[in-house]
Each structure stands twice: as C-alpha cells, then as structure tokens.
Amino acid sequence: GLELSHCVGTNSLGPAVPWRSGGPCKMKRVRTVFKPEQLERLEQEFLKQQYMVGTERVDLAATLHLTETQVKVWFQNRRIKWRKQSMEQKAAKLSQFGVIQPASADSTDIKDHEEDTVDVEL
C-alpha cells in the first residue's frame, strides 16, 4: 500500500498544508527517496525506452525493490521532464536563429499529454 504520514501539522517540520480538504486529519503521501543505484538503472531503462509497461515494469520494480506504481510514476514524471527539456532546447535553437516562439506553446504542448502529467510521488 501507500505510505502516508501522520496528520499534517502534528510534527515540527513546518506549517500545516492541507493535502485534501475535509476532515480534521489531512494525510500526505511520503515522497519516495530513490537510491543512487535505483536512479541509475531507471535512467538507463528510460534511455532505451520512454514507456515501461506490463511485465517489463513488474520485473524492473522487483529488481529495484520498488513497487510497480513507484516505477510507473517515476517514468511518467521523467517523460514530463524530458518533454520540458526538449522544448527548452528547441526554443534555444530557434532563438539562435532569431525566431521567436509564442509564449503559449509550452502550456499547450504539455496539456496535449495530460495522461502523463502526474504530480504524485510515492
């Protein structure tokens, strides 16, 4: 299952920030801290293929001692980072040639791939 921290605001780590409205106790997911070896392997797999599905994802998760969901979300977040970097490189190349790119292009490109936009980190 998912690890959840205790009620938000009951520790001394900072101000209470509601994760979800409603109820007196608001739970917040605990962010996964990947080991360097896990990150290296995840990056290697991402270089081979940007989408990890089915038994490949299950096998990779087992090898890295992670849940399938953690691997899935890592790949989703990595694809978002990859797209952002690609857009920035494209914009830099265009600016070298004096071509001005419309400011709204970034937000529409990302929204076209809404199935991958995941802020949840496990």
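The values are calculated or read from the model by the stated rules, or taken from the named source; none is laboratory data. Here the structure is a predicted model, which is why all the values come from computation and not from measurement. Reconstructed Cβ throughout: ideal geometry from the backbone, glycine too, with neighbour counts over all protein chains shown. Note: accessible area is taken over every heavy atom of the protein model, side chains too, but ligands, DNA and RNA are not part of it. Shrake-Rupley method; radii C 1.70, N 1.55, O 1.52, S 1.80 Å.
Taking region 51-85 and a reference point 7 angstrom along Cα→Cβ of residue 28, no backbone N atom is nearer than 14 Å. Prolate is the label for region 36-95, because a/c, from the alpha-carbon gyration tensor with a ≥ b ≥ c as root eigenvalues, is 1.5 or above and a/b exceeds b/c. Within a straight-line Cα-Cα reach of under 30 Å, residue 93 can be paired with the following lysines, leaving aside sequence neighbours fewer than 8 residues apart in one chain: 48, 81, 84, 111. With a 1.4 Å probe and every protein chain kept in, tell me what percent of the accessible surface of region 36-95 is carbon plus sulfur. Here it works out to 55 percent. Which of 39, 63, 89 sits closest to the plus end of the dipole of region 36-95, meaning its Cα is farthest towards the positive end, when Lys and Arg get +1 and Asp and Glu get -1 on the C-beta? It is 89. Extension gain, residue 63-residue 47: 0.36 nm per intervening residue step, less the Cα-Cα distance, totals 4.0 nm. A simple charge model with +1 on the Cβ of Lys and Arg, -1 on the Cβ of Asp and Glu and nothing else charged puts the dipole of region 36-95 at about 460 debye relative to its Cα centre.
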